[in-house]
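Since every read-out is calculated from the coordinates, none of them should be taken as a lab result. None of the values given here were measured: they were computed from a predicted structure. Cβ: placed from backbone, ideal geometry, glycine included. Neighbour counts: every protein chain shown.
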Amino acid sequence: MFKFFISSCLAVCCLTSCKSTTSVSLLCDEQHVELYVDDEYVGRGLVNYIVPKGQDNIRVSCRENGVEVYSRSFYVKGMKSQLIEITIPKDYRYSSRQSIIKSKVK
């Protein structure tokens, strides 16, 4: 029985160690901005993120006071411990209002 338990544990360890995961580091210099990966909060500033196996893309969004101010998708397949720097443009704003263009008609 004990040998069966040991061999089972070794088999599980071998199978789980064969999984290849990708890890990336996300860096946002603006410390007040919250970072989300695929709509899940991961932190602020410098964040290490492990990409689930089989996933090729991640969507990184930045939120300030609960409002999304920036988002971008990254292709992460084949990346190994790479740093992704996120720079939010200073004049970048989302608009929820429709803008109406008025033209002068004579």
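Normalising by residue count, region 31-76 has a Cα convex hull of 65 Å³ per residue. Available extension along the chain between residue 87 and residue 27 is 20.7 nm, counting 0.36 nm per residue and deducting the alpha carbon span.
Counted by Cβ distance under 15 Å from residue 32, the other residues give a net charge of -2, where Lys and Arg count +1 and Asp and Glu count -1.
Ignoring aspartates and glutamates fewer than eight residues from residue 53 along the same chain, the ones with Cα atoms less than 16 angstrom from its Cα are 38. Computed extension length for residue 73-residue 55: 5.2 nm, one decimal, from 0.36 nm per residue of separation with the Cα-Cα distance subtracted. The slack between residue 41 and residue 64, meaning 0.36 nm per residue of separation minus the straight C-alpha distance, is 7.0 nm.
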